[in-house]
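Report on one structure; see the data block that follows.
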Amino acid sequence: MKRAAPIPVTVIGGFLGAGKTTFLNRLLATATARHAVLVNDFGEINVDAALIERHDGTTLSLSNGCVCCSIGSGFLETLGRLLDGGETFERIVIEASGVGDPWRIAEIALVEPDLRLDGVIVIADAKRITELIHDRRVGDTVRGQFDKCDVVLLSKSDVVSRAALHAARSAIQTVRPDAPVEVLSRDTRPDLLLMARSRRSRFNAERVEEHPLDHEEDFRRWTYRRNGAFDRSRLAAAIEALPPQLLRLKGTCRVAGEVAPLVFQMVSRDWSLSPAVGGNLDPGPIALVGIGTPDLPSDADLEAILDGALARALVA
Ligand SMILES: [Zn+2]
């Protein structure tokens with residue numbers, strides 16, 4: 001089915017925990033157009049898609065794999081269903097997985113006649129990006145995400161010093177000297193930013209060189225499901241005991257003494273528990289997905305650590 005005008009596509013990329021979903025929610029909250037949102041989670045549970053707050057369009061999730069290096073598996077079918085499904089929307093936003101290469105996904109929009117690539121936005125965590133760019137294990141993936149992006153947005157700028165912010169900007173510019181790097185503040189209007197970018201035509205962009213990517217081999221995912229609840233103080237201790245190879249852990253959990261399920265987020269060793277609002281997360285007891293480097297310890301070792309954080313069952 002050929003459309004009257006191609007639909008603009010924006011791809012949002014950025015490493016694990018950079019703040020892509022937060023940015024996307026802000027974008028949707030201020031949007032005037034109807035959006036179709038596609039969210040790719042590398043983990044088995046579609047945490048990010050579930051955290052997308054209600055909006056006027058549709059949200060589709062692609063979990064358990066990275067669509068940038070396995071384009072054939074599910075992504076094109078999902079996109080095709082979206083385009084042929086009869087639902088009306090004015091823009092498509094695709095959230096790449098935290099290990100994915102956003103440009104690889106953007107290339108789809110360059111070749112699909114019903115789509116028009118509007119821009120590639122990469123979110124970079126101001127607190128971590130300098131270290132990540134130089135990291136021995138993940139640096140290649142992180143640097144590759146800046147490839148051909150239109151703009152880099154520095155997130156979490158309010159928790160770093162001016163010097164650190166400057167260092168983050170410099171580190172990004174060593175990889176992409178020509179890319180604009182903007183600080184994402186509470187006042188940034190993401191929709192205006194997108195419109196500003198969309199005036200640039202991307203059709204003269206040359207295709208990326210064909211270097212094979214396999215994020216399935218570069219990263220390992222792990223899923224942790226339990227009935228019951230965490231004990232908050234034991235959880236803090238367990239997180240300290242988690243190996244550094246575990247880069248990200250997120251999902252929902254029950255915590256002893258709390259009535260509602262909570263959203264758990266961990267990036268590096270920074271973690272938080274917050275109320276689940278707006279999205280449609282599984283209210284089940286504990287469901288977390290972890291993403292780590294290939295040398296991540298065994299599932300059993302990781303499970304033993306988190307099992308130590310479970311609240312002891314109450315004896316009736
Ligand atoms: Zn990939």
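No value in this document is a laboratory result; all are computed from the given coordinates. What you see is a predicted model, and the numbers here were worked out from it, not measured in a lab. Cβ sites come from the backbone with ideal geometry, for glycine too, and all protein chains shown count toward neighbours.
Along the charge dipole of segment 7-198, Cβ charges K/R +1 and D/E -1, which of VAL37, VAL111, LEU79 sits furthest on the positive end? Result: VAL37.
The charge dipole of the chain, taken about its Cα centre with unit charges on the Cβ of Lys, Arg, Asp and Glu (plus for the first two, minus for the last two), comes to roughly 900 debye. Quick check: the distance between the Cα centres of segment 286-304 and segment 234-275, to the nearest angstrom? Comparing the Cα centres of segment 286-304 and segment 234-275, I get a distance of 13 Å.
Looking at segment 219-307, the DSSP beta bridges with both ends there are about 95 percent antiparallel. Across the chain, how many lysine pairs, 8 or more positions apart or on different chains, have C-alpha atoms separated by under 29 Å? Please give the number. Final tally of qualifying lysine pairs is 11.
All other residues whose Cβ lies under 12 angstrom from that of GLU303 are scored, Lys and Arg at +1 and Asp and Glu at -1, for a net of -1. Helix 20-30 and the longest principal axis of the Cα set of the chain meet at an angle near 60°.
Equivalent ellipsoid of segment 7-198: semi-axes from √(5λ) of the C-alpha gyration tensor, largest first, are 26, 18, 15 Å.
Taking square-rooted eigenvalues a ≥ b ≥ c of the alpha carbon gyration tensor, is segment 1-114 rounded, prolate or oblate, where a/c under 1.5 means rounded and, failing that, a/b exceeding b/c means prolate? Here segment 1-114 falls in the oblate category. If you take the alpha carbon atoms of segment 1-68 and fit the smallest convex hull around them, that volume is 110 Å³ per residue. By DSSP, the beta bridges lying fully in the chain are antiparallel in about 45 percent of cases.
The calculated FRET efficiency for ALA304 paired with ARG189, based on their beta-carbon distance and R0 = 41 Å, is about 0.30. Sorting 171-180, 90-99 by their mean Cβ neighbour count within 10 Å, with the most densely packed peptide first, gives 90-99, 171-180.
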